[in-house]
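*Asks:* The structure under discussion is supplied below as structure tokens; questions concerning it will follow.
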Amino acid sequence: MSTYIAEVLWLRNDGDFVGRRYSRNHLLRFDGGLEVPGSASPHVVPLPLSDASALDPEEAFVASLASCHMLWFLSIAAKQAYCVDRYFDAASGLMEKNAAGKIAMTVVTLRPDVTFSDDRLPSRAELDQLHHAAHESCFIANSVKTDVRCEPVYPA
């Protein structure tokens, strides 16, 4: 069993809190010392009360799923002796009303584009199996109700 910690720090500063005219900017801190500026999404809280250049929870959610899938994919590919040179994912998440009528991230679509080298290149079926195994192993995908989809980009 492992425990993961993230610190979230928000300070009111000069904002009119009771009037709901306060900044949503905050700081996310992680155990290795990384500090990331955070904010509400400008899709949820209008500018300037949010910050489009900061990480919002919805982006973090999508990135967490994409990162976990990638890490498992790389591990599984290495175990099967496929040499991965590049992995790029333009992942996206759709936020809408779910079946219960609540706003939720209902679909996250991963679009991994993987480049291999050496003589051993996976067939399309083998690449699909690598992604399936990565998805089945991903701790984050196994932790959420969201329909997490994987749509790999295949070489021409």
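*Asks:* With springs only between Cα atoms under 10 Å apart, run a GNM on the chain and tell me which of Ala100, Ala54, Ala90 wobbles the most.
*Replies:* Maximum among the listed residues: Ala100.
*Asks:* Right, something else. If neighbour count is taken as other Cβ atoms inside 10 Å, put His69, His131 in order from fewest to most.
*Replies:* Listing His69, His131 from fewest to most nearby Cβ atoms yields His131, His69.
*Asks:* Using r as the Cβ-Cβ distance of Val36 and Ala90, and R0 as 22 Å, what FRET efficiency do you calculate, to the nearest 0.05?
*Replies:* 0.60
*Asks:* Separate question: Can you work out the FRET efficiency for the pair Thr106 and Ala63, with r the C-beta to C-beta distance and R0 = 22 Å, to the nearest 0.05?
*Replies:* With R0 = 22 Å, the Cβ-Cβ based efficiency is 0.80.
*Asks:* Would you work out the relative contact order for region 1-55, in percent, from Cα pairs under 8 angstrom that are 6 or more residues apart?
*Replies:* Relative contact order of region 1-55: 29 percent.
*Asks:* Sticking with this structure for a sec: Taking Cα atoms, how many degrees apart are the long axis of helix 124-137 and the longest axis of the chain, rounded to 10 and kept between 0 and 90?
*Replies:* Rounded to the nearest ten degrees, it is 40.
*Asks:* Dipole of the chain, Cα-centred, from +1 at each Lys and Arg C-beta and -1 at each Asp and Glu C-beta, to the nearest 20 debye? Mind dumping the intermediate values first?
*Replies:* Details: 14 positive and 20 negative charges, 93 e Å.
Magnitude of the dipole: close to 440 debye.
*Asks:* Would you mind estimating how fast the chain diffuses translationally, via Stokes-Einstein at 37 °C and 0.692 mPa s with the Kirkwood radius over Cα pairs, in µm²/s? List each step's numbers first, then the result.
*Replies:* On the way: Rh = 17.9 Å.
Approximately 184 µm²/s, per Stokes-Einstein.
*Asks:* Under the 0.36 nm per residue contour assumption, what length would be gained going from the current alpha-carbon distance of Ala125 and Ala52 to full extension?
*Replies:* Here the segment from Ala125 to Ala52 would lengthen by 22.4 nm.
*Asks:* May I ask which residue of Gly15, Phe30, Ile5 lies farthest towards the positive end of the charge dipole of region 1-55, with charges of +1 (Lys, Arg) and -1 (Asp, Glu) on Cβ and the Cα centre as origin?
*Replies:* So the residue furthest toward the plus end is Gly15.
*Asks:* Using the charge dipole of the chain (Lys, Arg: +1 at Cβ; Asp, Glu: -1 at Cβ; taken about the Cα centre), state which of Val45, His131, Pro57 has its Cα farthest towards the positive end.
*Replies:* It is Val45, whose Cα lies furthest towards the positive end.
*Asks:* Taking 8 Å as the Cα distance limit and 6 or more residues as the minimum spacing, I'd like the relative contact order of the chain as a percentage.
*Replies:* About 17 percent, as a whole number.
*Asks:* Rounded to the nearest 0.05, what FRET efficiency do His43 and Ala99 give with R0 = 25 Å and r taken as the Cβ-Cβ distance? Could you check?
*Replies:* Numbers: r = 22 Å, r/R0 = 0.86.
For His43 and Ala99, the calculated efficiency is 0.70.
*Asks:* I'd like the orientation of helix 57-79 relative to the chain: the angle between its Cα long axis and the longest Cα principal axis, in ° from 0 to 90, rounded to 10.
*Replies:* So the helix axis and the longest Cα principal axis differ by about 20 degrees.
*Asks:* Mind listing P(r) for region 1-55? All alpha-carbon pairs, 5 Å bins, whole percents.
*Replies:* Over region 1-55, the share of Cα pairs per 5 Å bin runs 5, 19, 23, 22, 14, 9, 5, 2, 1 percent.
*Asks:* Full-extension gain between Asp118 and Arg20, please, as 0.36 nm times their residue separation minus the C-alpha to C-alpha distance.
*Replies:* Values: separation 98, 0.36 × 98 = 35.28 nm, distance 5.75 nm.
In short, 29.5 nm is gained.
Read the figures in this text as sums done on the coordinates, not as results from a lab. Just so you know, these numbers come straight off a predicted model, no measurement behind them. No Cβ is skipped: glycine too gets one built from the backbone with ideal geometry, and neighbour counts run over all protein chains shown.
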